[in-house]
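K.L.:
Let me give you the structure first, and then I'll get to my questions.
The values are calculated or read from the model by the stated rules, or taken from the named source; none is laboratory data. It should be emphasised that the depicted structure is a prediction, and the values quoted were computed from it without experimental measurement. Cβ placement follows ideal geometry from the backbone for every residue including glycine, while neighbour counts extend to all protein chains displayed.
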Amino acid sequence: MISPSGTGPGRGVVAAGHQLTASTAADVLAGGGNAFDAAIAAMAMACICEPVLASVGGGGFAMTRQASGELSLIDFFPHTPRQQRQAGDGGTNVVTVNFGTATQAFRIGPGTVAAPGFLAGVNALHQAGATRSLPELWAPAIAAARTGVNVTPFQHFLATVVGPILTSTDGGRALFAPNGEILPAGSRLTNTGLADALDILAAADGSGDPADNDVMSAIVDAQRTEGNLTAEDVQHYEAVVRRPLTIKVGESLVHLNPFPSAGGILVEHSLSQLDVAHPVAIAEAFRQTARDRAAATDELGRLDPSRLRARGTTHVSVIDSTGTACAVTISNGSGNGDVVDGFGFMLNNILGEDDLNPAGLGTWPADSRLSSMMCPTVIEQPDGGVIALGTGGSNRIRTAVAQVVAQLCLNDAELAAAVDAPRLHVEGEHLDFEDLIDSTARDQLKRSFPDHTAWPERDLFYGGVHAVVRHGDGRLEGWGDSRRDGACVPAGDQPTPP
């Protein structure tokens, strides 16, 4: 068992949502690779061992910091098709998912797929500073897909929750429920089709047309009859490099995901109201942000993230001994149910999001880069320390990131304490909070928010912030959030066997 924390000297440190994701990246660092190399290796492994959350058929964002201090945000989130080929709800269907305390309807099917950006994101990261070839970096993931990985209790839980999506097609059932039931914890998940896909995608290694291969052709074929994507949509997808949204919190510089994504803007709005990370102050800041978001027009319209809420999301944070850092958040929505023929991965269902279709299904904006709550973050501290962090968690991403940043930058909390601190979330006038705070703060929260729910322990509802730091004196440290089965591995540790 790999410890959730790591500290001390070394080549780097990784925190992620699965021990195998983290240890694969740490092995790359231990072998002399840098943070870019490690992040790329981790992204591929996440598709193998976190298949509910990560997919070649999705996309995401990467916040990067070079050793020189140069920062960039790479946007490789799904992009809407250039034309709507399916009318209304054509190519879609609805499945109901039971969350235990509530049920929710999800729109899936070929008609819900936006152009995936995963490969473009990998290529952009590789060009930004990687030193190893894609075949080398993806070899561990390809091997793990062929030999199989053990299904963890957490991954089994996630697969069970969204089981109606994963088993809605023959391809999904064959992969996730080959014996008629979702694979149980401890069983072996093999995926030779995904191994073949990664082999093909890695072989191009950034040369030639990245869309000119059998995998991308298979995506187009899957969309030919009931989808909206065409070969042109796939061929013309490009990752976009943006300047981060940079704010000062305490004495630190915090670099966030900029517009058109909404996560960073909402985090900025909340943090601007805080001078201390106290539960009552945080709750009031979140309430004001929610009010301003609801009332936003014109300039404040940037606060409204109604164009998208990503659901199935995971995160990887990497930092190496030079201070080079990558914080990468990836998502596949909740998956559209269709496994690409022969290649073992599910396409996204981004166009099926209700928030993206306010005037009715099929009213999404054509040829548009979509917004997201996802907010990979890098913090530069006044003593030279560098922190990389991020989280999954749908609309709780903004509040999870804001709270951890506030703990680090306003309360001078240690990394583990900042991640583990009890969290809260405000939607409208409703407060959810982890009831692990002192009685005085609890009583104040309950008086301020008559409409509230107290959660008895830390819960995945509040995201999973995986964070790493290179301190000003060169020490490396990381922490994986237990709320989402987080793992942290310092470079040099032995990987968990697949």
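K.L.:
So which residues in segment 70-92 are surrounded by fewer than 16 Cβ atoms within 10 Å (Cβ to Cβ) and in contact (Cβ under 8 Å) with a residue 12 or more places away in the chain, if there are any at all?
P.N.:
Gln83, Ala87, Gly88
K.L.:
Shifting gears a bit: Criterion first (assigned to a loop (DSSP other than H, G, I, E, B), under 20 Å from Val378 (Cα atoms) and hydrophobic (A, V, I, L, M, F, W, C)) does Ala87 satisfy it?
P.N.:
no
K.L.:
Moving on. In segment 384-417, what count of residues is obtained for those that are closer than 16 Å to Leu460 by Cα and assigned to a helix (DSSP H, G or I)?
P.N.:
10
K.L.:
Given the structure, is Arg188 surrounded by fewer than 17 Cβ atoms within 10 Å (Cβ to Cβ) and closer than 25 Å to Val149 by Cβ?
P.N.:
Yes; evaluated as a whole, the condition is true for this residue.
Matching residues to (1) more than 21 Å from Gly264 (Cα to Cα); (2) free of Cβ contacts under 8 Å to residues at least 40 places away in the same chain; (3) surrounded by 24 or more Cβ atoms within 10 Å (Cβ to Cβ); (4) out of contact with any Leu (no Cβ under 8 Å at 6 or more places or on another chain):
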position	(1), (2), (3), (4)
Ala359	yes, yes, no, yes
Pro365	yes, no, no, yes
Met373	no, no, yes, no
Ile387	no, no, yes, no
Ser394	no, no, no, yes
Arg398	no, no, yes, no
Val405	no, no, yes, no
Leu410	no, no, no, no
Ala417	yes, yes, no, yes
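K.L.:
Would segment 432-450 turn up any residue that is within 24 Å of the chain's Cα centre (by Cα) and not charged (D, E, K, R)?
P.N.:
So far as segment 432-450 goes, yes, one or more of its residues are within 24 Å of the chain's Cα centre (by Cα) and not charged (D, E, K, R).
K.L.:
Condition first: among the hydrophobic types (A, V, I, L, M, F, W, C) and outside any strand (DSSP E or B). Now tell me which residues in segment 448-489 satisfy that.
P.N.:
Across segment 448-489, the qualifying residues are Phe449, Leu460, Phe461, Val465.
K.L.:
Quick test of your reading of the structure: Asp233 fulfils all but one of (1) assigned to a helix (DSSP H, G or I); (2) exposed (fewer than 14 other Cβ atoms within 10 Å of the Cβ). Name the failing condition by number.
P.N.:
(2)
K.L.:
Among the residues of segment 349-368 satisfying the criterion of being of a type in the set (Asp, Glu) and in contact with a Ser or Thr (Cβ under 7 Å, 6 or more places away or on another chain), which is farthest from Val234 (Cα to Cα)?
P.N.:
My answer is Asp355.
K.L.:
Which one of these is more than 23 Å from the chain's Cα centre (by Cα) and either modelled with pLDDT of 95 or more or more than 17 Å from Pro78 (Cα to Cα) (or both): Gly362, Gly301?
P.N.:
The conditions single out Gly301.
K.L.:
Only one residue in Arg82, Arg107, Arg146, Arg132 is of a type in the set (Lys, Arg), on the phi < 0 side of the Ramachandran plot and at pLDDT below 95. Which one?
P.N.:
Of the residues listed, the single one that is of a type in the set (Lys, Arg), on the phi < 0 side of the Ramachandran plot and at pLDDT below 95 is Arg107.
K.L.:
Going through segment 368-383 one residue at a time, which ones are of a type outside the set (S, T, N, Q), farther than 24 Å from Gly69 by Cβ and in a loop (DSSP other than H, G, I, E, B)?
P.N.:
Across segment 368-383, the qualifying residues are Leu370, Met373.
K.L.:
Now for a different question. For segment 93-138, give me each residue that is β-branched (Val, Ile, Thr) and surrounded by fewer than 18 Cβ atoms within 10 Å (Cβ to Cβ).
P.N.:
Val94, Thr96, Val97, Thr101, Thr103, Thr131, listed by residue number.
K.L.:
A further question on this structure: Please work out which residue is nearest to Arg293 (Cα to Cα), limiting yourself to segment 429-447 and to residues that are in a helix (DSSP H, G or I) and not basic (Lys, Arg).
P.N.:
Of everything passing the filter in segment 429-447, Leu445 is nearest to Arg293 (Cα to Cα).
K.L.:
Identify, please: which residue in segment 255-274 is polar (S, T, N, Q) and more than 18 Å from Thr64 (Cβ to Cβ) and is, among those, farthest from the chain's Cα centre (by Cα)?
P.N.:
Per the stated criteria, the residue is Gln273.
K.L.:
Something else now. Say we look at segment 20-50 and pick out the residues that are assigned to a loop (DSSP other than H, G, I, E, B) and more than 10 Å from Thr314 (Cβ to Cβ); which of these is nearest to the chain's Cα centre (by Cα)?
P.N.:
Asn34
K.L.:
Given the criterion without any contact (Cβ under 8 Å) to a residue 60 or more places away in the chain and not basic (Lys, Arg), identify the matching residue among Gln127, Gln104.
P.N.:
Gln104
Residues are listed down the side, and each one gets a yes or a no for (1) in contact with a strand residue (DSSP E or B) (Cβ under 8 Å, 6 or more places away or on another chain); (2) over 20 Å from Leu347 (Cα atoms):
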position: Leu71; (1), (2): yes, yes
position: Gln84; (1), (2): no, no
position: Ala115; (1), (2): yes, no
position: Gly121; (1), (2): yes, no
position: Ala128; (1), (2): yes, yes
position: Gly148; (1), (2): yes, yes
position: Thr152; (1), (2): no, yes
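K.L.:
Starting from residues that are over 23 Å from Ala406 (Cβ atoms) and aliphatic (A, V, I, L, M), keep the ones in segment 236-259 and report whichever is surrounded by the most Cβ atoms within 10 Å (Cβ to Cβ).
P.N.:
Ala239
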